2 protein chains.
Amino acid sequence: TDSLQGKNPARSSGLFFREGKKRIDYILVYKKSSPQVEKRCTFEKNLRAEGLMLEKEPSLTNNDIMFVKVHAPWDTLCKYAEQMNIRMPFSFTINNRETFFSNSTRSRIVHHVLQRTKYEDGKLKMGINRLLGNNTYEAAFPPHEGGYKSRHPIKTHGAQNHRHLLYERWARWGIWYKYQPLDLIRRYFGEKIGLYFAWLGWYTGMLIPAALVGVFVFLYGLFTMDSSQVSKEICEATTTIMCPMCEDTCKPWRLSDSCVYAKVTHLFDNGGTVFFAIFMAIWATVFLEFWKRRRAELTYDWDLIDWEEEEVRQQYPQIDQISFDINSRLRSFLTAVFAVVVFRLIAMEKFASLNWYFVKKNWQFATSGTGVCINFMIIMSLNVVGVWTKHPRTESEWENSFALKMFLFQFVNLNSSTFYIAFFLGRFAGRPGKYNKLFNRWRLEECHPSGCLIDLCLQMGVIMFFKQIWNNFMELGYPLLQNWWSRRKMKKVDGHPLKFIQTVLSSAVLQFGFTTIFVAAFPLAPLLALLNNIIEIRLDAYKFVTQWRRPMPARATDIGIWHGILEGIGVLAVITNAFVIAITSDYIPRFVYAFKYGPCLRGYMNSSLSVFEMKDVNSSQTRYCRYRDYRAPPWSPVPYEFTLQFWHVLAARLAFIIVFEHLVFGIKSFIAYLIPDMPKDLCDRMRREKYLMQEMMYEAELEH
Amino acid sequence: TDSLQGKNPARSSGLFFREGKKRIDYILVYKKSSPQVEKRCTFEKNLRAEGLMLEKEPSLTNNDIMFVKVHAPWDTLCKYAEQMNIRMPFSFTINNRETFFSNSTRSRIVHHVLQRTKYEDGKLKMGINRLLGNNTYEAAFPPHEGGYKSRHPIKTHGAQNHRHLLYERWARWGIWYKYQPLDLIRRYFGEKIGLYFAWLGWYTGMLIPAALVGVFVFLYGLFTMDSSQVSKEICEATTTIMCPMCEDTCKPWRLSDSCVYAKVTHLFDNGGTVFFAIFMAIWATVFLEFWKRRRAELTYDWDLIDWEEEEVRQQYPQIDQISFDINSRLRSFLTAVFAVVVFRLIAMEKFASLNWYFVKKNWQFATSGTGVCINFMIIMSLNVVGVWTKHPRTESEWENSFALKMFLFQFVNLNSSTFYIAFFLGRFAGRPGKYNKLFNRWRLEECHPSGCLIDLCLQMGVIMFFKQIWNNFMELGYPLLQNWWSRRKMKKVDGHPLKFIQTVLSSAVLQFGFTTIFVAAFPLAPLLALLNNIIEIRLDAYKFVTQWRRPMPARATDIGIWHGILEGIGVLAVITNAFVIAITSDYIPRFVYAFKYGPCLRGYMNSSLSVFEMKDVNSSQTRYCRYRDYRAPPWSPVPYEFTLQFWHVLAARLAFIIVFEHLVFGIKSFIAYLIPDMPKDLCDRMRREKYLMQEMMYEAELEH
């Protein structure tokens, strides 16, 4: 992309026409082999008629590529600046015609002309966008303002140009801990990109308290691990014989064998988790409400308050041709989820009957681990397929809906197996002697005696960790590899910065969702998200400043549909966390036991296991084995029926969901009501300005 | 109020100055005894300097009252019309100077001058509002456009004036079934009042389907009353002896005695109720979403799209002096609720031990009935006290917050005892042998064996019915009485139409809340609300057209805070209806019984009653009596403990709440997402107009 600037640094450093004086304000790229010669000629003739100057230069690397450099002379600039109502300090005397209009204003003016020049007779036959659409031109962009590196250090010699300043103050790794220079970003890249980085920075900043509290909750689990009554009882239960976990090859096993597993479970399934789930639900609300305020401040500072989209929207012909085939996607990822489920069932049986001692001993962990890894691979490959879908080339409402569809697909893809593990795994396993089987062949998985949360936790941890590593590789390593590969071949560069923002916003929102929706199961999620975002900001900054064409500065007042999606995720997160704590975690059964059956948790493990008489199935040395459920023992008048305790626990679980949801939604709405969307002083300032304006206008009227 | 127009119809029909030519554009009223003579003189001098003409005329009925008639001559009108940017069809030639400016434009111009004329030296010492505030003037208003009645019928002679047209087309009782002429209302009274009547009409229209479905649900209950298994079992249960309902004087009674009560309960507590609760929750959403669209259409038709409040907000001195004492209110109505609770307990005992056979037999009904009536009286008297609070005299944000506080107070006042009856009555009564007592003296009330819903239903019906009768009397009868009484004395008229709108909107929103929040208990509520609204619209119209001063036409784009409150009520209604069906109604226990214990409801009544061994308390002819609860019989190993069935029912109740709320909120959000806030064609039209405007401006620029 920077072949134009990079290849001829000696001759006018890529910023000027060949004669060395006329500044390049815009660059068009076309292929000589393109058949649309006539349109291009008419267009360029009309551009010259509008007062622009053009100069052509062939690419050094690819003979088929031709660059058209566009320069707007002083008279043209003045004419259009007046037409476009560009506010300039006209009270100043014009000292230097070269520097009177800033570079971004010059580019904006040329862009304006490009948008409105005809290439054929006919009402809508105008504008560079349509020419890009029908491949008359390959690309159109304003040039960067010189190199981003300087031979002289910035501290002694000052910034060489805006790009250099941005690189030094923003895009270097060394300043990862600093606030972003938002006003500089806005000046160079426009409000839309500035707003994106403001949002990303805001999100990252808000993650810091969440990550801290998450780490504290994790540490609380770590320090109370040894004193936990439940894992203590499991570790001491050398005489408790559990029912076999699989059909033919498995044998009854001692509860104390799963001591380590129980301890790890306690790490994530303790009272701190409930607190953290409430905290994160409120955090999400505060995050969104304060972002609204921050946005209001930014739009005020950047003069966007009364701004509305100015550009005339043109109809693009190719909209109808691209259709996002949501049905086939749905089918493919449903198949994938189902495949993982079946895989886990088969793997469980195989691992348990393997002759390899280590795997055989830890077969539960091995099953979960491999299951999650395969799941991760499926998720990533489906995502890649998603990205390969042809993107529409235009920024329009339709693209918004496209971004929404892509997001929904990725969201479902990422979360569906997690939902399965959280709410379905182990619920429908049946009981010894009456197991439910898939296709009458594979027994459905059971939860571990110490609870179902650990599987969810493993899923969260693995997916978050690997996904981030993968993402960073794709963003950092892959382009480098690609660059190295494309040294010889000229490749069409498809990294459109504004489109990129949609993609990255989408992935940041996905991450926000993954972080908050199941945060009860994995309190370290905010920390991982925080680390990822710190890298993300500088990586994106680096790409924007050094790797990509400069985008046409675009305005925007909001992050678009994403705000609504974030609010939706905030609501969903409350519901899922309520269900995770009530149904997946063992917090409620322990609470009921402590409250109703004993002063503390002593004997909880024993009470949570039911008895099964094994001679029904096969005769072995022990007569009774235990399993995780609340059912009557075989010697009861109604054997294997649910006990009273089951109904107590069920009522408590349901009551918890009701109380948690009403409480947290109540707090959420109250906070949203308390925090006005606009800071008080900003509101006053705006009202005062408006009042002064009205007074001024009234005075002016009176004077007439 | 119409003494000015009414008293001297012969002389210039109250529309002109004494000389019979100059039209009256505004009327100011002051008391001769007011001490603020100096301010008034300065003000009137300044008004004359601005070009207005004044004429004074004493009141015929009260010697202390003086009217100041204001006329704006042609030159003044032209000058200010230009200053205020009033759009006039200047392409027409000015044929008649008398009719060129419409009456409402003339009033607006005079109002503008009145707002900005000084009465003293000093920065903020100007405007009629402040003079009204410090009692320099008593009132300021534009006159009505002549009489609202005509000797000639409108069909043959046409409308005499706008007021007459409005009366014939809008304010007569005979046209109660017709749409309101919104554009006429807006032309005569301004956008704010037009919008209010648009909302009221919209609400009334939307109530029609709700009332229809409600009547069908009621009829369903009526027709299945005789075939209901539960009431059949109660009526046939001549051998089932129930435990005494009060302590000393009550005796055990036969279940079949409450046959009628059980039948009435079935009327309101059946499967149709659940359906109706879901229907009404969705109805409330659809109502609000479509109102947003209707409002968008109206604001477009009425040119309010880009309108913002123009008036400079002035600081009013008396804001700080009035404080709404919310704490003492809270205390007073908490006391009232508590008093009603205690009254019911005492009345229950007294009625049951009364020697009057009819009351003794129906003592339960008598208790509820008198309790509700007393409750109603307390509600109304507290409301009257609320209305008597001094209103602030200004339209400002502060008044919005005042309206909100008044609304909250009335909302809590109206609903708190209903909440008590719905969710607390009969829950904490205890069981025979271990009754809970208030002050160790009065036993808490139990629910009737056929369910708790009937009390709620009675409460709803009585309050809605009496409240409407009371309201209509207060609005129709009371002013007539007052008018008759004030024939002799001149009374200060305090009916400010714009303030009235706040009050009536508040009461309409209260009614909306009462209708939807407990609609599961009383499906006839929408019908009552519908009837009330049909009366309300014509009553208000009559008052606006015939009884009151014409208000200064004000603009508004929305019904203000009320929209947010309506949305809040919509959410609250889903929650309360879920709880009413799950907890108050007997729908869930019956469902669990039919599903788990029998193929149908046969034997349900027997299973829902527990057994108590009376010899524990006193020995009588029968040994066992029955009471409404799920407890183990005295001969069980754990006597009087909750049975398994109790826990089944509890789990089902809680699960129902969860399912109902998630389902209905899901449907609500989906509907809100589906219905865009602006109709598609309106959106297209606006976009097209904007596009055309941009193109025109661009063309105009090019021509320069």
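One Cα centroid belongs to segment B:181-226, the other to segment B:404-464; the line between them spans 30 Å. Near A:I241, once Lys and Arg are set to +1 and Asp and Glu to -1 for all other residues with Cβ below 13 Å from its Cβ, the sum equals +2. Report the percentage of all Cα-Cα pairs in segment B:489-613 whose separation exceeds 26 Å, rounded to a whole percent. Everything past 26 Å amounts to 49 percent. Taking other residues whose beta carbon is less than 12 angstrom from the beta carbon of A:P252, and scoring Lys, Arg as +1 and Asp, Glu as -1, yields +3.
Annotation: the residues B:Y177, B:Y640, sorted from fewest to most other C-beta atoms within 10 Å of their own C-beta, follow the order B:Y177, B:Y640. Along its first, second and third principal axes, ordered by size, segment A:203-291 spans 57, 30, 17 Å in Cα coordinates. Averaged over peptide B:655-661, the number of partner chain Cβ atoms lying within 10 Å of each residue's Cβ comes to 4. Given a cut-off of 29 Å, name the pairs among A:K596/B:K232; A:K69/A:K192; A:K690/B:K118 whose C-alpha atoms lie farther apart than that in the structure shown. Violating the 29 Å limit, Cα to Cα: A:K596/B:K232. With the label put 7 angstrom out from Cα along the Cα-to-Cβ vector, B:R172 ends up 8.6 nm from the copy partners, going from closest to farthest.
Counting other Cβ atoms within 10 Å as a rough exposure proxy, the listed residues A:L476, B:L165 run A:L476, B:L165 from fewest neighbours to most. Exposure proxy shown here: for B:R151, B:R40, B:R108, A:R18, the number of other Cβ atoms within 10 Å sets the order, fewest to most, as B:R151, A:R18, B:R40, B:R108.
For peptide A:631-644, the mean count of partner chain Cβ atoms within 10 Å of a residue's Cβ comes to 1. Note on A:K178 and A:K149: their simple-model spin labels are 1.9 nm apart, each label 7 Å out from Cα toward Cβ. Between identical copies, the spacing of A:P58 label points, each set 7 Å from Cα toward the C-beta atom, reads 10.6 nm from nearest to farthest. Computed packing ranks the peptides B:441-452, B:111-122 as B:441-452, B:111-122, most packed first, by mean other Cβ atoms within 10 Å.
Counting from the shortest, the label point at A:L476, 7 Å from Cα toward Cβ, is 7.9 nm from the same position in each remaining copy.
Across peptide B:75-83, the average count of Cβ atoms from other chains found within 10 Å of a residue's Cβ is 1.
Quick one: Debye curve from the C-alpha atoms of segment B:64-194, no solvent, what's log10 I(q)/I(0) at q = 0.14, 0.15, 0.17 Å⁻¹? Calculated log10 I(q)/I(0) at the listed q: -0.86, -0.96, -1.12.
Values quoted throughout were computed directly from the atomic coordinates according to the rules given, and no laboratory measurement underlies them. From a predicted model like this one, the values you see are computed outputs, not experimental measurements. When we count neighbours, we look across all protein chains shown, and the Cβ atoms used for this are built from the backbone with ideal geometry, even at glycine.
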